[in-house]
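The values are calculated or read from the model by the stated rules, or taken from the named source; none is laboratory data. All values derive from a computational prediction rather than experimental measurement. Because the Cβ atoms are built from the backbone with ideal geometry, glycine has one as well, and the counts that use them run over all protein chains shown.
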Amino acid sequence: MVESSLSPASITDSLGTRFIGQRVIYYPSLTSTMEVARREAQRGAAEGTVIVADEQRGGRGRMTRIWLSPRGSLALSIILYPDVDYLPSLIMLASLAVVRSIETVTGLKSQIKWPNDVLINGKKVCGILIESDVQRNIVEYVIIGIGVNINLRLTDFPEIPPMATSLSDELGREVSRLDIIRRLLVEIEGLYLALPAGGAVYEQWRDKLVTLGQRVQVKSGKTTYEGVAESVTTEGSLLLRRHDGSLTRIVAGDVVTLRDK
Ligand code: BTN
């Protein structure tokens, strides 16, 4: 069974959120949900507007990479207008919401690879891209883009890196994309509304990070660092203990785990 196309009504009906997912714009196929979301945000779309597509032809990943999202995967972007102080928490909130949704809908346990890749059994099942426009410390908009490999047989997609997996490959059966989307929107809103209370998102995100304690190589811009991933700050930066004993704070980067010989 391959689930039929999504529809705005099937996502929104009785969702139970206050604003996230109360307006859904659906495309069978588009270039990237990030582009449509940016246009909508610039026109002042309501907070919580969701752009969702069955397929992206030019999906974007972190660090200017491409993100493949054929039919069977989930590609969505959410428009938010948070206070600038909450920006760092959004990276944590999004990955945490994905972990919780996957577990609620499928029972599968997943972990987070710093900063916000979601892994199952060490393989990437979800990538998250956050884009924002901040002018003089005022957030014009934030777009959270989430791509989840749901019903994809990855052997059919040799162009997707081998260190990836999908929910259907892990479970040996297909999963309702609708259930995942609806749960995700509920989780994101719950975590977002709880941000003013402080603390909890950071702690829960940190506790799900597989990266901590590992010997890693981190590529950040043109520099590659090596060391032990010791901890993360409340702003989401990674603290790397270098071989000379010094501690380096890395704001953004790509982590590769080094195996002991
Ligand atoms: C990454 O791990 O590199 C981030 C991938 C983010 C992919 C999602 S899919 C929905 C949204 N639209 C895009 O073009 N990218 C994000």
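Right, Arg18: within 14 Å of the ligand (Cβ to nearest atom) and charged (D, E, K, R) or not? Answer is no for this residue.
Among the strands (runs of 3 or more DSSP E) confined to segment 182-246, the ones with at least 1 residues that are on the phi < 0 side of the Ramachandran plot and of a type in the set (Asp, Glu) are located at 223-232.
If you go through segment 101-137 and keep only what is under 19 Å from Thr211 (Cβ atoms), touching a residue at least 60 places away in the same chain (Cβ under 8 Å) and among the charged types (D, E, K, R), you end up with just Lys113. Screening the candidates Ile66, Ile102 for the property of being closer than 20 Å to Ser176 by Cβ, among the aliphatic types (A, V, I, L, M) and either within 9 Å of the ligand (Cβ to nearest atom) or touching a Ser or Thr at 6+ places or on another chain (Cβ under 6 Å) (or both) yields one hit, Ile102.
If only residues of segment 169-210 that are among the β-branched types (Val, Ile, Thr) and either at pLDDT 95 or above or surrounded by 19 or more Cβ atoms within 10 Å (Cβ to Cβ) (or both) are counted, the one that is nearest to the chain's Cα centre (by Cα) is Ile188. Checked against (1) free of Cβ contacts under 8 Å to residues at least 40 places away in the same chain; (2) buried (at least 19 other Cβ atoms within 10 Å of the Cβ), Pro162 passes all but a single condition, namely (2).
For segment 73-87, name all the residues that are over 27 Å from Asn151 (Cβ atoms) and crowded, with 18+ Cβ neighbours inside 10 Å. Within segment 73-87, Leu80 is the sole residue that qualifies. The residues of segment 48-67 that are out of contact with any Pro (no Cβ under 9 Å at 6 or more places or on another chain) and buried (at least 18 other Cβ atoms within 10 Å of the Cβ), listed by number, are Gly48, Thr49, Ile51, Gly59, Arg60, Trp67.
Does Ile91 fit the bill of being under 24 Å from Glu230 (Cα atoms), touching a Pro at 6+ places or on another chain (Cβ under 6 Å) and either touching a residue at least 24 places away in the same chain (Cβ under 8 Å) or within 11 Å of the ligand (Cβ to nearest atom) (or both)? Answer is yes for this residue.
Somewhere in segment 161-171, is a residue of a type in the set (Asp, Glu), in contact with a strand residue (DSSP E or B) (Cβ under 9 Å, 6 or more places away or on another chain) and within 16 Å of the ligand (Cβ to nearest atom)? Checked against the condition, which is being of a type in the set (Asp, Glu), in contact with a strand residue (DSSP E or B) (Cβ under 9 Å, 6 or more places away or on another chain) and within 16 Å of the ligand (Cβ to nearest atom), segment 161-171 yields no hits at all. Taking the conditions (1) at pLDDT 95 or above; (2) surrounded by 15 or more Cβ atoms within 10 Å (Cβ to Cβ) in turn, Leu154 satisfies each one other than (1).
Candidates Ala45, Ala75, Ala37: the one that is within 20 Å of Leu152 (Cα to Cα) and in contact (Cβ under 8 Å) with a residue 24 or more places away in the chain is Ala75. Note on segment 23-47: among residues that are near the ligand (Cβ under 10 Å from one of its atoms) and over 16 Å from the mean Cα position of the chain (by Cα), the one that is surrounded by the fewest Cβ atoms within 10 Å (Cβ to Cβ) is Thr31.
Give Leu6, Leu30 a once-over and let me know the one that is over 19 Å from Ser132 (Cα atoms) and at pLDDT 95 or above. None of the others qualify; the one that does is Leu30. Before we move on, is Pro158 at negative phi, outside any strand (DSSP E or B) and within 12 Å of the ligand (Cβ to nearest atom)? In short, no.
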